[in-house]
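Okay, so here's the structure we're looking at.
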Amino acid sequence: MSMSDDDAEILAVARAGFLDEAQDMLRQFEQGLLVLESDPGDSESLNSAFRAAHTIKGTAGMFGCDAVVAFTHEAETLLEALRSGQRQLDGTVVAALLESRDQMEALLEEVRSGQEDPAVKASSQALAARLRALLGKTDAVEPATQAQAIEETATPLSATSEAATRSCWHLSLRFQQDALRNGLDPLSFLRYLATLGDVLAVRTQAQDVPALEDLDAEACHLGFEVRFDSPASRQDIERVFEFAVDDSDVQILAPGAPPAEFEALASLRCGDDAAARAALFDCWHGMGLRFELRLATVAVADEKDSEVAEPQLVPHIERRAAAPEQNAARGSDRRSGVGERREGGRDRRAGDETRFVRVRADKLDKLIDLIGELVIAGSGAQMIAHLEGNEALVEANSRVMDLVQETRDGTLALRMVPIGETFARFQRVVRDVSKQLGKEVELVVTGGDAELDKSMVDAIADPLMHLVRNSMDHGLEAPAERLAAGKQAQGRLALNAFHEAGSIVIEVSDDGRGLARERILNKAIERGLITENQMLADHEVWQLIFLPGFSTAEAITDLSGRGVGMDVVKRSIESLRGNISLSSSSGRGTLTQIRLPLTLAMIDGFLTVVGGVNYVLPLASVAECIDVPTECSSQEEARISGTFNLRGEVLPWLDLARFYGVQPDFSRRRSVVVVRDGPTRVGLIVDRLMGEHQTVIKPLSGIFQHLKALAGSTILGSGEVALLLDVSGLFAAAIRDSQNKKSPSHTSR
């Protein structure tokens, strides 16, 4: 039967979900191993890594990803040996398991792309052999070959075959009707079962399949009786079916189970249905099981009459006495099996994972866009209400706008994720790079619960990666050099994040040698960036590092020295409306600060008018508003900037109208808006103050991308366009114009 387009789409979506979940499991796997490397006795981290590997293997088996199953099985086996104490944890084992994590990712990428790479297959085989060697095994059977043989073992074997009659596990499987609708394939569980041992016999139970005219093609009516020879434990076999705990009923009887357990199983499956019990016993007989039966006469109620109908002969297994402790053990086995009732399965699965729902990012973006349009429409309605002068209408609109604001904040919060997820990735980077450089490095992470927009978290990962690698390569010294300088042999690399004034600040710091001021100056003079007699403050010297192609590395290595990176880091951060700054102390270390807005979609703004044009300032950057001081109120001097005294503090000021080359509006009282960018404060002279305004940020057209002082645009309730000012970009543009002594013009900005 060919797969329909709908089925193919459902399978594609399910596979994409599997790959996304696998990435989460890989992070859990890696995190557990990194903790184990520093604390070998942490059993919970070991269990966490094992669960992650088992989840990847089990889910991959459901989708028929045999290469992933085969390799992950080797890593899982080694982890199980560590858990049971058969193998001791050491650096070699951790290194091999971390390599296994990378290999799993490569195999999963093959699943995503649909293309197999012979090099990946070869590396899988080589690494699998290393894992078996660490376990002391050199002749392990490849699980993949067992999985390939499932088609043969899935056919009924001869009832008289020697294999069928030997002592082995007996599995009774029944799948719920919604199993197929929920994306489960019963055959995939049988395939995966073959990776743990030999499936000796399978009998399909199809008696519940309805007539063709009543058949629902999406419903599952199948069950299976399986004879399974395996050294695996009951817990290992139960894990095979843990992904279908809500959609299946699985009963497991151990090798050598007494006849009483089979009779209990028959009662569970058939109740008092004599024909069904006879059919089930015939099935078991065909699989090689032999019982001494007795026939018991029972009364069965007629469906149409409450009176007792004709007696029927129901087969029973001849009971044999069993010790009380054996009965108790069997009862415990049945209670702990995966064939519990569905309510019990839900109870076990209830946990953190049930509190999260995966949502497509494009759907979330669409919702945020709609909320943005709602904010604009609400502003228009509020403006009309004020013009009408109807107090009841104004109050009603005010209530609506309060709800819109709460809805906006709640919607934006959906995209907010802790930056600690990004920080966690660097533990592996620090481990690998420190070993590559022969350095001892301790990674300290703080502020990981600070939240940031998901799109920005993804965008900031690469710049942070470069900064971390730079700190380890350039900043932190080798152990011998640190000891000679009176420091501890182990260097300290710290990642920190915190919220400040509507922004998030991310810090990367180290306690290394610090930046070499003289070397930076000499390199800048050599390249003609500055003159030999030019005097620069420290922060100006550090900014030279961000120039394209600038590098002070004495040798080119795999990590640095090619002059590529820091300029890209700065451009990436500025594209997010952020800024980056450096501070350093010779011999004590370097601190890099990245300041970013919390979101790129909507902000609370402060609306002003300058020369008839609406400008919006981020409300979080506005400190206060004052009248224009006398130092900068002269109409005769067409000055763009200067300084003024604010309560004993000297602050620079900038006339936005003259800065943008338009005539100031002196017909009404002008004002100064004191804004801050980090520690810097500047007074911006504007023509009118319009107050707070919820701003939906619209990106500027490509033709305006060179305008560093503008971060975007927005639409007011009146339909007018307002420009969103980039405070840090505005400061930089004003300083640049002051240094170049150019006359301001609107087009030059």
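We did not get these values from a lab; they are worked out from the coordinates using the rules stated. All values reported here derive from a predicted model rather than from experimental measurement. Glycine gets a Cβ as well: all are built from the backbone with ideal geometry, and neighbour counts include every protein chain shown.
Odds and ends about this structure:
- Annotation: amide H-H contacts under 5 Å for Phe644 (H modelled 1.01 Å from N, sequence separation of 5 or more, or interchain): Leu651, Trp653.
- Fewest-first ordering of Leu46, Leu464 by other beta carbons within 10 Å of each residue's beta carbon gives Leu46, Leu464.
- Computed 3J(HN,Hα) for segment 363-369, one whole-Hz value per residue from the Karplus formula 6.51 cos²θ - 1.76 cosθ + 1.60 where θ = phi - 60°, is 5, 5, 4, 5, 4, 5, 4, glycine and proline marked x.
- Span from the segment 218-253 Cα centroid across to the segment 270-291 one, whole angstrom: 19
- Inter-probe distance in nm under a simple model that places probes 7 Å from Cα toward Cβ, at Val662 and Met416: 3.4
- Förster-model FRET efficiency, 45 Å R0, Glu373 and Ala484, C-beta, rounded to 0.05: 0.10
- Label-to-label distance, nm, for residues given as Gln593 and Asp178 (7 Å Cα→Cβ offset): 5.4
- Difference of contour (0.36 nm per residue) and Cα-Cα distance, Asp214 to Leu547: 112.5 nm
- Neighbour counts of C-beta atoms inside 10 Å place Ser572, Ser100 in the sequence Ser572, Ser100, starting with the fewest.
- Across Lys435/Lys523; Lys57/Lys439; Lys57/Lys366; Lys523/Lys698; Lys121/Lys363; Lys435/Lys570, pairs whose alpha-carbon gap is larger than 32 Å: Lys57/Lys439; Lys57/Lys366; Lys523/Lys698; Lys121/Lys363
- Given their separation in residues at 0.36 nm each and the Cα-Cα distance between them, Asp449 and Arg676 gain 79.2 nm when the chain is fully extended.
- Computed over segment 361-415, the percent of Cα pairs more than 13 Å apart is 59.
- Sequence ranges 385-396, 55-66, ranked by mean other-Cβ count within 10 angstrom, highest first: 55-66, 385-396
- Sites Ile530 and Arg639 - FRET efficiency at Förster radius 30 Å, r taken between beta-carbons, to 0.05: 0.60
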